[in-house]
Every structure is written in C-alpha cells, then in structure tokens.
Amino acid sequence: MADKEGPNKMVCGLLAILLGSWGIHKFVMGQTTAGVIMLCVSLLTCGIGALIMYPIGIIEGIIYLMKSDEEFHQIYVVEKKAWF
C-alpha cells in the first residue's frame, strides 16, 4: 500500500509527541476541528491548558507510531477518527 494518499504516520506521530499541546499533528492529518480545539485550549488558557493537551499529544503520538501503516491509514484517513 505504498501508493496510498494521506498523512505520513511517522510525521504525525513525531509532531504529536513534540508539539502535541498545539494540535499541529491534527492539522497535518486534516482534522482541523480537533486541531483548533487543542490549539485554543492551549492558547486561551495562557498555557495552563497545554499541561492537559501535551500528555494527550504524547499518547496519540505513541498510538500512531505503534499502528501498522495499513491500520493508521484505515483508522485515521479512511474512517477519519479524530481522538485516540
């Protein structure tokens, strides 16, 4: 399934781990609503909400990286699952 379209699992996983509190990985995956929610929670609380969003990003990044390419594509590209 090398010719599949959609976000790269490795890029999304690393962005989730490194920048998870800002929801950048959600924007890369095309999930703008989830990305805006994470970004707004982090910014509108003057960073306090980032303490909640960052662990969520780490967990999501680990989940993304633990899935096979086919599972990742099916769950997050085809089914468009936004959270965990």
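What does the charge dipole of the chain about its Cα centre add up to, to the nearest 20 debye, if the Cβ of each Lys and Arg holds +1 and the Cβ of each Asp and Glu holds -1?
Values: 6 positive and 7 negative charges, 46 e Å.
Around 220 debye, computed over the chain.
Around L18, what is the net charge, scoring Lys/Arg as +1 and Asp/Glu as -1 over all other residues with Cβ under 14 Å from its Cβ?
Value of the local net charge: 0.
Would you please state which residues of region 12-33 a label at V77 would reach in this model, taking the label point 7 Å out along Cα→Cβ and a backbone N cut-off of under 13 Å?
12, 29-30
Fewest to most neighbouring Cβ within 10 Å: what's the order for K80, K26, K9?
Going from sparsest to densest Cβ surroundings: K80, K9, K26.
With +1 on the Cβ of every Lys and Arg and -1 on the Cβ of every Asp and Glu, and nothing else charged, how large is the dipole of region 36-84 about its Cα centre, in debye rounded to the nearest 20?
Using Cβ point charges on Lys, Arg, Asp and Glu, region 36-84 gives about 200 debye.
Which of G30, Q74, M10 sits farthest toward the positive end of the charge dipole of the chain, with +1 on the Cβ of Lys and Arg and -1 on the Cβ of Asp and Glu?
G30
Can you put C12, C46, C40 in order, fewest other beta carbons within 10 Å first?
C46, C40, C12
Given [x] 42, 21, 16; [y] 36, 18, 18; [z] 51, 24, 18, which label gives Cα extents along the principal axes in Å as computed from the coordinates?
Of the labelled values, this structure produces [x].
What is the count of Lys pairs in the chain whose alpha carbons sit under 13 Å apart, if the two are 8 or more places apart or on different chains?
Lysine pairs, 8 or more places apart or on different chains, close enough: 4.
Could you derive backbone 3J(HN,Hα) for region 56-68 from the dihedral phi with the Karplus parameters 6.51, -1.76 and 1.60 (θ = phi - 60°), listing whole Hz in sequence and x where the residue is Gly or Pro?
4, x, 4, 4, 4, x, 5, 4, 4, 6, 7, 7, 6
Values quoted throughout were computed directly from the atomic coordinates according to the rules given, and no laboratory measurement underlies them. All values reported here derive from a predicted model rather than from experimental measurement. Heads up, the Cβs are rebuilt from the backbone with ideal geometry, glycines too, and the neighbour counts pull from every protein chain shown.
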